[in-house]
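First up is the structure itself, then whatever we jot down about it.
Where a number appears in this text, it was derived from the coordinates with a stated rule and is not lab data. Predicted model only: the values in this text are computed from it and were never measured. In this analysis, Cβ positions are derived from the backbone assuming ideal geometry, glycine residues included, and neighbour counts consider all displayed protein chains.
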Amino acid sequence: FLVHRLDKCVSGLVVVATSSRFCKDFSELLRQHKVTKKYIGVVHGVPEVLLKGKVEVRVGIGFNTSKQKAFLEGEREDRTLPSTTIIELKSIYRLTDNGRSFVEIELSEVREKGLAELAEYISMVEYELISGKKHQLRVVSQRVLGCPILLDLKYGLPRASLPNLVTVIPERLSR
């Protein structure tokens, strides 16, 4: 029994129950928000929410040329549901001069620049879903933070505007 799933393009944990009892019990824990769901995302740019913040918006799903796509309240007349996401900026990286890798930078360096100068930056963001809606993280990143998830073909930047890089970012090397 599939209890919890991810969008097909997202890596992470999938919960599968071995009994109908566990499926029912775990589903109830999810419904009561007694399970913490955190994700790490790499986004294009630097979110204006520097450090940590709570985003409460209404999200809906509609069809755009036969493809499902999320939208925020006010963008369409369709029904929306409340969604809450806690967002924490973990780290910021700048594209190096050779354009082939990223280097971590300090927050103070970002604060001195205008948003237009931050186009070559990427950020690592932690999302905690308080209420999960379909494509919630993707639409919040793009429309609310103004920083689409890197390489998200549905909600992100056109592929031609992205640097030709593998998006694996070192977080820590320890012994």
Expected output is a single nm value to one decimal: the length gained when fully extending between L13 and D25, i.e. 0.36 nm times separation in residues minus the C-alpha distance. What is it?
2.5 nm
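Order of 102-109, 134-141, 88-95 by packing, highest average Cβ count within 10 Å first?
Final packing ranking: 134-141, 88-95, 102-109.
Per 0.36 nm of contour for each residue apart, how much would the distance between K134 and R100 grow if the chain were fully extended, relative to their Cα-Cα spacing? Display every interim value, and only then the final one.
Details: separation 34, 0.36 × 34 = 12.24 nm, distance 3.35 nm.
My answer for the length gained is 8.9 nm.
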